[in-house]
Amino acid sequence: MRIELREGERLDDLHRGGYRIIQNEKLFCFGMDAVLLSGFAQVKEGGRAMDLGAGTGILPILLAAKTPGGHFTGLEISEYCVDMARRSVALNALEERVEIVQGDIKKAGELFAPASFDTVTSNPPYMTARHGLVNPDIEKAAARHEILCTLEDVVRAAAQLLRVGGHFYLVHRPFRLAEIIRTLSQYRLEPKRMRLVYPYVDREPNMVLLEAVRGGRARMTVEPPLIVYERPGVYTREIHEIYGN
């Protein structure tokens with residue numbers, strides 16, 4: 001299908017099922033964190049999945065390629081990102097499996113029926129207003145800093161949308177791990193699986209992947225570390241497999 005690209009946009013190959021995605025490098029392009037989350041999350045056959053803060057639609061599209069899930073919804077507040085995501089969905093002929101909805105995460109409980117999803121994913125803003133410089137461009141700032149929604153907003157929405165026993169998958173920064181676990185527990189999302197991501201084997205982790213279950217019992221598995229680089233510029237074999245190379 002021929003899709004119109006707007007000024008500043010480009011097409012990127014996702015190396016999965018021939019799928020491609022529209023991005024605009026002047027605004028916000030997806031990063032490794034989204035790809036790693038797509039490799040960590042699981043959607044069962046026929047399952048319904050929701051991505052909170054879908055951006056340009058990277059997670060719904062990748063999960064549609066990687067899992068046997070039945071339907072994928074992306075909730076995104078930015079009108080421009082929604083437009084890009086919908087055009088990417090059409091480009092990949094995924095209209096029957098992927099839907100992009102414009103809306104506020106804080107109102108997710110009003111936009112969708114309670115307990116109507118088996119899986120929820122999110123790659124939310126990592127920084128609070130106190131962390132670092134805030135980009136003057138609102139689109140870029142909202143992707144990095146908690147301007148339009150907070151961690152608690154995301155967790156609350158996940159708890160509202162998940163059925164009992166449903167799974168929530170999150171990628172975030174390790175320096176907020178204690179706060180993340182407290183917030184998950186507050187909304188009865190029990191942490192069940194965690195994996196730390198290290199840029200190199202001898203460095204501190206810079207990402208954490210978490211799985212929580214709504215109404216689950218207290219028991220968490222810490223998986224082996226995920227190492228990104230063997231040496232500068234050279235990905236480890238596992239990273240290549242997650243990317244689909």
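Bear in mind these aren't lab numbers, they're just calculated from the coordinates by the rules spelled out. Bear in mind that the values here come from a model prediction, so they are computed numbers and not experimental data. Reconstructed Cβ throughout: ideal geometry from the backbone, glycine too, with neighbour counts over all protein chains shown.
For an R0 of 25 angstrom, estimate the FRET efficiency from the Cβ-Cβ distance between Glu204 and Glu152 and round to the nearest 0.05. List each step's numbers first, then the result.
Details: r = 26 Å, r/R0 = 1.03.
According to the calculation, E is roughly 0.45.
Can you give the helix-only mean residue ellipticity at 222 nm for the chain, where every DSSP H stretch with n ≥ 4 adds -39500 (n - 2.57) and the sum goes over all residues, rounded to the nearest 500 deg cm²/dmol?
Values: 8 runs with 70 residues, N = 245.
The helix-only estimate for the chain comes to -8000 deg cm²/dmol at 222 nm.
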Which lysines have a Cα lying under 25 Å from the Cα of Lys44, excluding residues fewer than 8 positions away in the same chain?
Lys66, Lys192
Rough spin-label spacing in nm, given labels placed 7 Å along Cα→Cβ, for His240 and Phe175:
3.3
Relative contact order for the chain using alpha-carbon pairs under 8 Å, separation at least 6, rounded to a whole percent?
16
³J(HN,Hα) across the range 211-223 via Karplus (A = 6.51, B = -1.76, C = 1.60, θ = phi - 60°), whole Hz, x for Gly/Pro?
10, 10, 10, 5, x, x, 7, 7, 5, 10, 9, 9, 7
Alpha-carbon centroids, the range 152-177 and the range 1-53: separation in whole Å
20
Looking at (i) 13.1; (ii) 16.5; (iii) 23.0, which value of mean projected area of the Cα convex hull in nm² comes from a calculation on the structure shown?
(i)
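Add +1 for every Lys or Arg and -1 for every Asp or Glu among the other residues with Cβ under 12 Å from the Cβ of Glu223, and state the total.
Working: positive: Lys192, Arg193, Arg195; negative: Glu211, Glu238.
Here the charged neighbours net out to +1.
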What residues qualify as long-range amide H neighbours of Thr236, i.e. H under 5 Å apart, gap of 5 or more or another chain, H built at 1.01 Å from N?
Tyr229, Glu230
Could you tell me which of rounded, prolate or oblate describes the range 41-89, using a ≥ b ≥ c as the square roots of the eigenvalues of the alpha-carbon gyration tensor, with rounded for a/c under 1.5 and, failing that, prolate when a/b is larger than b/c and oblate otherwise?
prolate
